[in-house]
């Protein structure tokens, strides 16, 4: 009499695949509640900056100053 042996590795792999797919769908759905408001705020900020020349000039200056600060930090970084 032959007793069928269940292969637990293939069963566990199939279960793990289903769990990973379920978690991936859950995380994708959950991240929508963060990404959609962020995109909405970015679109509103972008339209306000495009509408105002002084805001665009201020933003350009702030980003330029940030690059100058980062460049100065890079120059003063000690090499090991």
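Nothing in this text is a laboratory measurement; each read-out follows from the coordinates by a stated rule. Computed from a predicted model, the values in this text were never measured in an experiment.
What shape does the chain take by its C-alpha gyration tensor, where a ≥ b ≥ c are the square roots of the eigenvalues and a/c under 1.5 counts as rounded, a/b above b/c as prolate, and the rest as oblate?
It is oblate, given that a/c is not under 1.5 and a/b is not larger than b/c.
Taking 0.36 nm per residue of separation and subtracting the Cα-Cα distance, what length does fully extending residue 77 through residue 53 add?
5.0 nm
Would you look at the GNM of the chain, springs on alpha carbons closer than 10 Å, and say which of 56, 42, 12 moves the most?
In the Gaussian network model the winner is 12.
Calculate for the chain the 222 nm mean residue ellipticity that helices alone would give, adding -39,500 (n - 2.57) per DSSP H run of length 4 or more and normalising by residue count, nearest 500 deg cm²/dmol.
-30500 deg cm²/dmol
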